[in-house]
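In what follows, a single structure is set out as structure tokens and then discussed.
The values are calculated or read from the model by the stated rules, or taken from the named source; none is laboratory data. Note that this is a predicted model, so its numbers are computed, not measured. Counting neighbours? That spans all protein chains shown, and the Cβs are built from the backbone with ideal geometry, glycine included.
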Amino acid sequence: MTIDFIGEIHPLIAHFRAMTTRHQSEQARRTPDGTDPRADQPRGEDARIEHDRECAEQLTAVMERLLQLCGPPLPGHAHTLTFAGPERHDGEAPYAFVVNGESITDARLSLGALPGFCQWYDEQRSWNEPEADPDVVFLADESDSHCGLPAAGFYNDLRREQAAMREAETVASELASSIPELEG
């Protein structure tokens, strides 16, 4: 059985971010004047408070490292999309790509926008006819393309690239919305 580590880690990161935001919001409500809520607690709890702080810092460091390794959480679930290139005529196995999406259709749209897939797709052109369309067939059969990871074998996991592109689009969108409009 193949374990979908990214699919397991992304929900943890998303939960941690939500928990941290909720905790910070609650903390801000309890101390509107900026006082430290720990100052009123008995001295015996100082060690527990320090331990909790250290655990929180460690958890934050671990979560940030996981975020660096996996990229930001993606919506949807992992989908395997399988394509056969021109080598299929010689008996070569098809290529499996993994991306996240809400459905097979959504995953295909996401895959088609990724540079890694686009490069592979363009490389599937005939050497004799470089202007011809790439010789690629999408294997839509549920045993080839489906929700989840491939049961066995090699696959191209493009979810990190997908996460990086999504984050870049988010940053670009936020930047664009922060630029004041020109007055005409």
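What to note about this one:
- Residues of segment 57-84 satisfying the condition of being within 11 Å of the chain's Cα centre (by Cα), small (Gly, Ala, Ser) and at pLDDT 90 or above: Gly76, Ala78
- Test: residue in segment 158-169 that is in a loop (DSSP other than H, G, I, E, B) and surrounded by 10 or more Cβ atoms within 10 Å (Cβ to Cβ): yes
- Scope segment 120-143; condition modelled with pLDDT of 95 or more and within 30 Å of Pro11 (Cβ to Cβ); matching residues: Trp120, Phe138, Leu139
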